[in-house]
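Below is one structure; the comments refer to it alone.
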Amino acid sequence: MAPTSLPKLAGRVPQRWRRRVPMRLRNALVARFGHPGDEPFDPAAHPARLNLGCGYDKRAGYLNVDLHGFHGPDLVGDVRSLPALPSGRYTEIVAQDVLEHLERADGPVALAEWRRLAAPGARLRLRVPDLPSLLRWLREKDDPDHHRRVLHHMFGTQAYNGDFHLSGYTELLLCDELFRADFGDVEMGLHDEWLWDVEATAGGSPLGLVWGPGFHAAEVGGGPRWAAESAELCLCLGGERREEIALTLSLSRHADADTTLQLTGGGLEQRIELTEQPTEHSLQLALQPGVTRLSLTTEGRPADDGRRLAFRAGGEAAIAALA
Ligand SMILES: C[S@@+](CC[C@H](N)C(=O)[O-])C[C@H]1O[C@@H](n2cnc3c(N)ncnc32)[C@H](O)[C@@H]1O
């Protein structure tokens with residue numbers, strides 16, 4: 001049967017060819033003539049939470065979106081442009097192991113699209129490989145199989161189109177791209193020591209609290225992070241102005257450790273006596289835009305538990321003027 005409209009005609013063009021049409025032109029065509037999907041899609045019939053690039057990780061309570069129908073998503077679509085979805089509807093947007101699958105220039109395009117979809121104050125949750133951690137891991141062993149394993153994580157499984165890693169990120173780049181897309185109040189920490197777990201808020205202030213190498217997320221129930229003898233905490237500030245930052249840390253030591261903490265960087269140099277019970281420490285810093293690295297190093301005896309855990313840390317950061 002001959003197609004009766006431009007969307008139907010477009011629906012017959014394989015998606016990999018449709019994706020070659022520049023994003024702006026595609027959006028303009030969809031706005032003018034409708035989406036080239038085979039069936040009308042009703043966003044109101046689905047949850048107001050998104051799981052973008054869902055792959056086989058389809059989540060109940062989310063609208064699961066993927067480029068490929070073989071994953072069985074609720075919506076087949078390209079996360080860089082989702083004109084079938086309304087602006088400002090989604091209270092939570094998950095994109096786990098997705099950003100690195102987009103070409104370098106498309107990261108900001110996708111983040112801008114996810115910001116369009118976000119409801120006021122919506123939470124964005126990303127997981128993205130950390131290139132410096134992968135390189136540190138690579139250097140741990142001069143063994144070809146070890147290098148192969150790490151490079152697999154660096155460049156992706158490469159099983160099909162959309163499964164290749166086409167871009168790389170660091171904590172500074174992630175924060176910068178998020179701030180440019182008007183996400184803020186970022187908090188991120190390393191998962192399995194090489195993946196950033198990132199949380200950001202739509203419209204939040206351009207500040208990131210980054211629990212860097214040395215910190216391990218609590219396995220059960222979340223909460224403060226554990227560290228061995230030393231760990232790095234970074235603050236990423238967006239914009240172009242120097243800002244006063246209020247950093248509140250909740251610190252404690254392992255029950256079997258006997259440690260004191262030395263905190264240096266960002267103009268701070270402090271020695272903190274740790275106790276078993278968490279105590280709050282309020283710190284003021286004047287930050288330049290970009291990244292400020294704080295080094296937290298213990299002196300004394302860590303817990304002799306195989307992982308030599310020394311202290312726990314949790315906390316938050318805020319731009320003082322805006323707090
Ligand atoms: C590594 S998998 C992650 C799957 C899932 N989020 C998880 O954490 O298990 C990456 C997924 O992103 C999808 N993907 C890649 N590029 C995409 C795009 N432009 N639009 C939508 N999905 C995309 C791939 O099809 C794949 O399912």
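A short reminder: the numbers here are calculations on the coordinates, not readings from a lab. A quick note: this is a predicted structure, and the numbers were derived from the prediction, not measured. A quick note on method: Cβ atoms are made from the backbone with ideal geometry, for glycine too, and the neighbour counts reach across all protein chains shown.
Looking at the stretch 269-323, the trypsin sites (Lys or Arg not before Pro) that sit in a DSSP loop and have at most 13 other Cβ atoms within 10 Å of their own Cβ are 307. For the chain, a Gaussian network of Cα nodes joined below 10 Å ranks 40, 108, 213 by mean-square fluctuation, and the top entry is 40. Once the Cα atoms are used to define both axes, helix 23-33 deviates from the longest principal axis of the chain by about 50 degrees. Against the main long axis of the alpha-carbon atoms of the chain, helix 144-155 sits at an angle near 60°.
Expressed as a whole number of Å, what is the distance separating the alpha-carbon centroids of the stretch 54-80 and the stretch 199-253? If we compute the Cα centre of each part, the gap is 31 Å. Between 270, 96, 288, find the one with the highest GNM mean-square fluctuation for the chain; connect C-alpha pairs within less than 10 Å. Comparing 270, 96, 288 in a Gaussian network model of the chain, the most mobile one is 270.
Fully extending the segment from residue 155 to residue 286, taken as 0.36 nm per residue of separation minus the present Cα-Cα distance, adds 43.4 nm. Return the single residue from 32, 49, 127 with maximal mean-square fluctuation; model: Gaussian network over the chain, springs between Cα atoms under 10 Å. With Cα springs under 10 Å in the chain, the top fluctuation among 32, 49, 127 is at 32.
Counting only alpha carbon atoms, the long axis of helix 171-180 and the longest principal axis of the chain meet at about 50°. Computed over the stretch 227-323, the range of Cα coordinates on each principal axis works out to 45, 20, 19 Å, biggest value leading.
With the simple spin-label model, which puts each label point 7 Å out from Cα in the Cβ direction, the residue 230 to residue 246 separation comes to 3.2 nm. Applying Stokes-Einstein at 37 °C and 0.692 mPa s to the Kirkwood radius of the chain, computed over alpha-carbon pairs, gives a translational diffusion coefficient of 152 µm² s⁻¹.
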